[in-house]
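Scroll down for the structure; my scribbles are underneath it.
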Amino acid sequence: MNENIAVFAGGCFWCTEPVFSQLIGVNKVVSGYIGGHTLNPTYKDICNGDTGHAEGIQITFDADQVSFETLLEVFFASHDPTTLNRQGNDVGTQYRSAVFCQNAEQRDATIKMVEVLNDKKMFGSPIVTQINGPDTFYPAESYHQYYFEKNPGQPYCLAVAAPKKEKIRTKYSALIKDLSQDA
């Protein structure tokens, strides 16, 4: 196994976690907080938007099964990387679009992908995703972990997370785990 870490922020982690946990080669997704100045932040702390943290996910993946570039492609396809500090009705710096590169290779791949997507005008506006270096990742409270899986009928999950997950299942069907093997 060629285990690696990727860290993305693309809005509410309730919506980003289910997008990535369904992918082949993704072994674990942890929801949490990253990119701020407050030590050991809580959900209550970051909701005000003044801790500097973004809601993010830390993905543990097997690079022999899924590349960082593929994860990046899914990341950009699963949210709006052109809105500053906003995803849908979620507004504030905690909902910003950001990649926290763990090494120079991830940084180079992210810069290249943003350039390609912008050159192809894949979105109606330029990408505003922050490209950062590694930072301390603080896991969110336990009730946030795999929230969508535990609460599929919750209204926010039905309205926002479920459509994102389904969009990726449809667009990247070859990357989706065979869930029948989990039974």
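Give the shape of the stretch 1-104 as rounded, prolate or oblate, defined through the alpha-carbon gyration tensor: a ≥ b ≥ c are the square roots of its eigenvalues, a/c under 1.5 means rounded, and otherwise the shape is prolate if a/b is larger than b/c and oblate if not. Here the stretch 1-104 falls in the prolate category. For the chain, averaging the sequence separation of C-alpha pairs within contact (under 8 Å, six or more residues apart) and dividing by the residue count gives a relative contact order of 31 percent. Candidate membrane-span-like segments in the chain, meaning DSSP H helices with Cα atoms spread over at least 24 Å of their own axis and a Kyte-Doolittle mean of 0.0 or above, do not occur, with no membrane implied either way. Database remark: amide H of Lys28 closer than 5 angstrom to the amide H of Thr60 (H placed geometrically; neighbours at sequence offset of 5 or more, or on other chains; Pro and chain starts carry no H).
Please order Phe76, Phe100, Phe137, Phe123 by the number of other Cβ within 10 Å, starting at the fewest. Intermediate results must be reported in sequence, preceding the final value.
On the way: Phe76 22, Phe100 25, Phe137 18, Phe123 15.
Exposure proxy ranking, most exposed first: Phe123, Phe137, Phe76, Phe100.
Estimated from the Cβ-Cβ distance and a Förster radius of 25 angstrom, the FRET efficiency linking Asn118 and Ser67 is about 0.75. Here the Karplus relation 6.51 cos²θ - 1.76 cosθ + 1.60, evaluated at θ = phi - 60°, turns the backbone of the stretch 148-156 into coupling constants of 4, 4, 7, 9, x, x, 4, x, 5 Hz, with x for every Gly and Pro. Taking every alpha-carbon pair in the chain and binning the separations at 10 Å intervals from zero gives 10, 39, 39, 12, 0 percent. Approximating the spin labels as points 7 Å out from Cα along Cα→Cβ, the Gln154-to-Asp45 distance works out to 2.1 nm.
Dipole size in debye (nearest 20) for the stretch 40-127 around its Cα centre, Lys and Arg Cβ +1, Asp and Glu Cβ -1?
Its charge dipole is roughly 320 debye.
Sequence-distant contacts, meaning Cα pairs under 8 Å at least 6 residues apart, place the relative contact order of the stretch 63-157 at 27 percent.
Since every read-out is calculated from the coordinates, none of them should be taken as a lab result. Bear in mind the structure is a predicted one, so any value in this text is a computation, not a measurement. Glycine gets a Cβ as well: all are built from the backbone with ideal geometry, and neighbour counts include every protein chain shown.
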